[in-house]
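A short worksheet on the structure shown next.
Values quoted throughout were computed directly from the atomic coordinates according to the rules given, and no laboratory measurement underlies them. Keep in mind that what you see is a predicted model, and the values were worked out from it rather than measured. In this analysis, Cβ positions are derived from the backbone assuming ideal geometry, glycine residues included, and neighbour counts consider all displayed protein chains.
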Amino acid sequence: MNITQDIVAVISGGASGLGAAAAETLSQAGTRIVILDRNAATGTETASRLDGLFIETDVSDPSSVSDAMAQIRDRHGALHVAVNCAGIAPAAKTVSKGAAHDAQTFATTIGVNLIGTFNVASQAAALMAGNDPLDEDGSRGVIVNTASVAAYEGQVGQVAYAASKGGVVGMTLPMARDLAQLGIRVCAIAPGLFKTPMLEGLPQEVQDSLGAQVPFPSRLGGPSEYAQLVRHIVENQMLNGDVIRLDGAIRMAPR
């Protein structure tokens, strides 16, 4: 898909971290940006800086997502790109100090990371389906979901997070197959250790230690590197149904 000023992109979790980086990169390329997030203050600030639209949204709630899509349709008349970055990462073992993993924590993680991704992707696809074809291939849209290397090598305490991201991996190919006849592509990115707000809150020596675990380059990934891949997926027509690891060749140890 050629990125032009007529292309509209929605980024869930776009107020900060990987989502904000993706929004900035797509904006610099000429895309009109819509940010969905629960953090109204940061979301409004980020959207304003990018001359975009912010909509406070709970991705785990399908009606909240539906309201957001209706606002996008009313404001722009179309949607062409959806990037799913909204997510949470609680840490809890299956059994800890004799107690089972809290069921609500598990359900909330699935609700945000997996069901939230599904809600945005499926409703964005329904909006994209009404687009006129953008090129000779019949392209109408692109969806980029965010998984994690935890989907493959979940660590101790990541049972909920790994399960949610494993679900994102699992739905990528069937979703791409479902939407192929509509001219909508679907890919997922599985980042490794990236400098997100969560990791930035750790002491510098801990960040350095984590970065040293990456074979090459031996550092934490930068949000801009994630954003570069998002843009490439949008622009490269033959990327479809794929989950792309972005991890510097790391394979996570148990802890």
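For GLU56, GLU200, the sequence from fewest to most other C-beta atoms within 10 Å is GLU200, GLU56. Among LYS165, LYS195, a tally of other beta-carbon atoms within 10 Å of each Cβ gives an order, fewest to most, of LYS195, LYS165.
Treat the count of other C-beta atoms within 10 Å as a stand-in for reagent exposure and order SER60, SER48 from fewest to most. Walk me through the numbers on the way to the answer.
Values: SER60 23, SER48 12.
Listed from fewest to most nearby Cβ atoms, that is SER48, SER60.
In this simple spin-label model, placing a label point 7 Å from the Cα along the Cα-to-Cβ direction at both LYS93 and THR44 gives a separation of 4.4 nm.
The magnitude of the dipole of the range 8-245, with charges of +1 and -1 set on the Cβ of Lys/Arg and Asp/Glu and taken from the Cα centre, is near 380 debye. Kirkwood hydrodynamic radius of the range 91-214, from the reciprocal of the average inverse Cα-Cα distance over all distinct pairs: 16.5 Å.
Within straight-line reach of LYS195, meaning a Cα separation under 27 Å, sit the following lysines at least 8 residues removed in sequence or on another chain: LYS93, LYS165. The ellipsoid equivalent to the alpha-carbon distribution of the range 172-242 has semi-axes of 32, 11, 10 angstrom, derived from the gyration tensor eigenvalues as √(5λ) and listed largest first.
Rule-of-thumb check for the chain: C-alpha Rg over 2.2 N^0.38 Å? Mind showing how you got there, number by number?
Values: Rg = 17.7 Å, N = 255, 2.2 N^0.38 = 18.1 Å.
Taking the Cα Rg and dividing by 2.2 N^0.38 Å, one obtains 0.98.
Backbone N atoms of the range 177-195 closer than 17 Å to the 7 Å Cα→Cβ label point of GLU153 belong to residues 190-195. Our note on the geometry: Cα centres of the range 110-160 and the range 189-236, 20 Å apart. Identify which of ARG75, ARG185, ARG219 has the largest mean-square fluctuation in a Gaussian network model of the chain, with springs joining Cα atoms closer than 10 Å. Of the options given, ARG75 has the highest mean-square fluctuation.
The GNM of the chain, with springs linking C-alpha atoms under 10 angstrom apart, assigns the highest mean-square fluctuation among GLN181, GLN155, GLN104 to GLN104. With a 10 Å cut-off between alpha carbons and a GNM built on the chain, which of GLY141, GLY43, GLY157 moves the most? Fluctuation is largest for GLY157. Toward the positive end of the charge dipole of the chain, with +1 on the Cβ of Lys and Arg and -1 on the Cβ of Asp and Glu, the farthest Cα among ALA22, SER63, ALA162 is that of ALA162.
Placing a pseudo-label 7 Å from each Cα along the Cα-to-Cβ vector at SER66 and ASP135 gives an inter-label distance of 3.4 nm. Once the Kirkwood radius over Cα pairs is known for the range 10-125, the Stokes-Einstein relation at 4 °C and 1.567 mPa s delivers a diffusion coefficient of 88 µm²/s. Rounded to the nearest whole Hz, the Karplus-based 3J(HN,Hα) values (6.51 cos²θ - 1.76 cosθ + 1.60, θ = phi - 60°) of the range 119-128 follow the sequence 4, 5, 5, 5, 6, 5, 4, 4, 6, 4, with x at glycine and proline. Quick one: work out the % antiparallel among DSSP beta bridges in the chain, nearest 5. Percent antiparallel among DSSP bridges in the chain is about 5. Normalising the average separation of contacting C-alpha pairs (under 8 angstrom, six or more residues apart) by the number of residues puts the relative contact order of the chain at 20 percent.
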